[in-house]
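The values are calculated or read from the model by the stated rules, or taken from the named source; none is laboratory data. Everything numeric in this text was worked out from a predicted model, so none of it was measured. Cβ atoms come from the backbone with ideal geometry, glycine included; neighbour counts cover every protein chain shown. With ligands, DNA and RNA removed, areas are computed over all heavy atoms of the protein, side chains included. Shrake-Rupley method; radii C 1.70, N 1.55, O 1.52, S 1.80 Å.
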Amino acid sequence: MQASHEKIENLNQLPKDIKEASALAGINPTEKERSGSFFQLDHSVICAKSAQEGVEVLGIEDALHKHSWLKNYYWKAVDPDKDEYTKAAKDAPPRGYFLRTLPGVETTYPLQSCLFIGKEGLAQKVHNVIIAEEGSHLHIITGCAVNLHIKGASHIGISEFFVKKNASITFTMVHNWAEGVEVRPRSVAHVEEGGTFMNNYFCLKPVKSLQLYPAIHLLGKGARTSSGSIVMGKGNSLIDIGFRVFLKAENTSAETIARAVAQDQSKIFARGHLIGEVPKIKAHLECRGLILSPRAMIHAIPELEARQENLDMSHEAAVGKIAEKEILYLMSRGLSEDEATSAIIRGFLKVDIKGLPVKLKAEIDKLTEMEFGI
Amino acid sequence: MTKEILKIENLQLEIGGKEILKGLNLTVRKGERTVLFGPNGAGKSSLLYSILGFPGYRPKAGRILFRGKEITDLPVNERVKLGVGVAFQSPPAIHGIKLREMLQICREGISAAQIKRTSKLMNMVEFLDRDVNLGFSGGEAKRAEILQILAQKPGFVMFDEPDSGVDLENVELIGKQIDAFLASHTGMVITHQGYILEFMRATRGCILYDGRIICTGDPKRILRAIRKKGYAGCAICKHPMKR
């Protein structure tokens with residue numbers, strides 16, 4: 001039996017090191033301007049609470065006990081037999097979070113959830129279910145992090161998103177892993193008529209290997225999705241990230257924007273696969289990569305798959321190093337070479353990611369700049 | 001004698017094994033409005049990059065003095081700090097850096113009111129929050145360059161082909177603003193066709209041909225001669241003007 005951690009009343013009671021590491025993944029320990037908080041340390045759900053009526057925040061185990069209907073969602077979007085990681089998650093005790101907004105409810109502030117590894121060698125397996133009921137708007141910032149001393153650990157995360165009619169989920173995930181951590185999220189989203197799923201991802205710290213390729217199914221008329229990601233490869237990180245969108249109903253639209261920066265010996269695969277299954281859909285994919293070291297690699301794989309006539313699908317991808325003429329341009333306005341390089345990287349990462357509230361965007365920008373020393 | 005701003009002595013420049021500048025001498029004095037004429041490929045832009053100190057354009061021999069100080073080996077930004085400025089012919093687009101931020105880089109502490117005022121002059125207000133030069137037309141990019149110069153106010157500015165690839169309306173706007181700016185600054189305008197001279201006054205013309213300055217004198221006379229005889233004709237002229 002795995003050792004369990006004590007429950008806490010609020011995130012300010014977290015040990016200092018955990019508080020600091022999770023703050024770098026966007027978690028606010030004061031819980032100020034958050035509509036609820038969830039915290040899982042290793043295998044223990046130590047905090048799950050809502051700060052707003054109509055917003056549910058529970059550990060998935062409690063949620064399965066509380067709502068018998070949840071079995072109609074649990075493992076219904078992600079196939080448990082998809083691969084060895086989903087199988088491993090299926091066989092593990094139910095951990096992870098359940099977040100839900102009731103019909104018509106809009107979260108005043110984002111909910112925050114954190115999955116934290118504090119123990120050396122831990123294999124964390126979580127299964128999250130996120131539901132925005134009809135006409136509701138659910139905003140989540142989720143951070144995954146490890147303690148500074150962790151040399152090796154692994155994280156498998158199953159996430160199932162259900163966006164009901166005319167509802168929306170904005171899901172912003174910040175990863176703050178370490179050089180010895182292997183990460184395998186497996187996520188699927190179902191978006192019904194008029195629904196919107198906005199999926200943003202930031203990975204600013206080194207990781208041993210990360211493979212993330214959520215599938216988003218736009219099932220109802222007029223459903224929309226937009227994905228934005230900023231990934232920095234550092235050290236020996238191997239990062240394989242992308243978004244796959246199935247456009248299955250008329251007037252659905254998808255947009256994905258990715259930025260990848262590769263330093264040191266890192267390798268980044270930046271994927272994107274948009275599948276237009278019916279006419280009158282619109283999909284666009286944009287991927288830009290910046291290579292800052294001769295030993296780093298970025299492999300951009302944008303794919304468009306059109307299965308009908310009369311659809312509008314496009315992509316643009318560009319990968320390269322910083323152009324010398326851009327550095328010289330800024331130097332000719334008075335910046336030093338280092339200042340010019342930083343300004344260009346900062347500009348490169350300044351992506352207009354949709355659905356991110358101004359304040360959250362500022363927090364993310366701050367994390368990015370701190371991480372990059374720019 | 002009026003103060004020398006820029007003095008270039010015996011500048012020799014080689015790029016990829018090819019001799020571009022062959023012992024060029026040029027002096028620019030305070031308040032002068034020099035027009036540098038020359039055919040395509042004469043080395044006008046190379047001279048400008050050399051004055052700026054771009055890598056790949058470091059001279060093989062000769063020296064460049066700015067306000068009496070040798071700058072031949074200084075990095076680009078050090079020269080800029082001393083007062084060298086440039087409006088590029090084809091500036092690069094930079095993702096994520098707005099024109100407004102460029103103006104803030106050009107002049108630290110520039111006020112919002114100053115930004116607004118100068119942008120209005122260049123008809124660029126609506127471009128301030130766009131990524132610099134990204135998707136700008138030829139004329140818009142040139143106007144953005146002049147706008148940055150108006151913010152930066154360098155003591156000596158080189159305008160590289162401000163009239164190339166620009167429609168007449170923009171040439172007029174750009175020419176008039178350069179003219180107004182040079183009322184209180186020293187500048188050198190590089191042009192191979194000379195359209196810009198219809199909208200700005202110049203005090204001196206020079207022809208750069210085959211890596212050297214072959215003629216110096218009244219800019220309008222020089223332009224007339226070029227239009228009449230062509231640059232090749234100027235090269236064999238028996239009566240080159242000297243200052």
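Annotations
- In the stretch A:323-337 there is no residue matching the filter, namely being touching a strand residue (DSSP E or B) at 6+ places or on another chain (Cβ under 7 Å), under 30 Å from residue B:159 (Cα atoms) and among the aromatic types (Phe, Trp, Tyr).
- Which listed residue is crowded, with 19+ Cβ neighbours inside 10 Å and touching a Pro at 6+ places or on another chain (Cβ under 6 Å), from B:35, B:28: B:35
- The residue list A:168, A:187, A:227 contains one member that is among the small types (Gly, Ala, Ser), touching a Gly at 6+ places or on another chain (Cβ under 9 Å) and open to solvent by less than 10 Å² (accessible area, probe 1.4 Å), which is A:227.
- Residue match in the stretch B:185-199 (condition: open to solvent by 50 Å² or more (accessible area, probe 1.4 Å) and more than 15 Å from residue B:163 (Cβ to Cβ)): no
- Near pairs, Cβ below 9 angstrom, 6+ apart or cross-chain, from the stretch A:325-346 (within 11 Å of residue B:75 (Cα to Cα) and facing chain B (nearest Cβ under 8 Å)) to any residue that is open to solvent by 30 Å² or more (accessible area, probe 1.4 Å) and outside any helix (DSSP H, G or I): A:328/B:55; A:331/B:75; A:334/B:107; A:334/B:108; A:336/B:75; A:337/B:75
- Looking only at residues of the stretch B:129-172 that are β-branched (Val, Ile, Thr) and away from chain A (no Cβ under 14 Å), we find that the one that is most open to solvent (accessible area, probe 1.4 Å) is B:166.
- Matching entry among A:356, A:349, A:285 (being closer than 25 Å to residue A:175 by Cα, in contact (Cβ under 8 Å) with a residue 60 or more places away in the chain, buried (at least 21 other Cβ atoms within 10 Å of the Cβ) and more than 14 Å from chain B (Cβ to nearest Cβ)): A:356
- Filtered residues of the stretch A:174-185 (kept if within 23 Å of residue A:83 (Cβ to Cβ) and over 11 Å from the mean Cα position of the chain (by Cα)): A:177, A:180, A:181, A:182, A:183, A:184
- Residue within the stretch B:47-64 that is open to solvent by less than 50 Å² (accessible area, probe 1.4 Å), more than 23 Å from residue B:191 (Cα to Cα) and either touching a strand residue (DSSP E or B) at 6+ places or on another chain (Cβ under 9 Å) or assigned to a strand (DSSP E or B) (or both) present: yes
- Residues (open to solvent by less than 10 Å² (accessible area, probe 1.4 Å), assigned to a strand (DSSP E or B) and either within 14 Å of chain B (Cβ to nearest Cβ) or over 24 Å from residue A:196 (Cα atoms) (or both)) located in the stretch A:233-282: A:233, A:239, A:260, A:261, A:262, A:268
- Residue within the stretch A:311-318 that is of a type in the set (Asp, Glu) and surrounded by fewer than 17 Cβ atoms within 10 Å (Cβ to Cβ) present: yes
- Given (1) farther than 16 Å from residue A:334 by Cβ; (2) within 13 Å of chain A (Cβ to nearest Cβ); (3) open to solvent by 10 Å² or more (accessible area, probe 1.4 Å), index of the condition residue B:126 fails: (2)
- If you go through the stretch B:74-123 and keep only what is crowded, with 21+ Cβ neighbours inside 10 Å, of a type in the set (A, V, I, L, M) and assigned to a loop (DSSP other than H, G, I, E, B), you end up with B:94, B:97, B:122.
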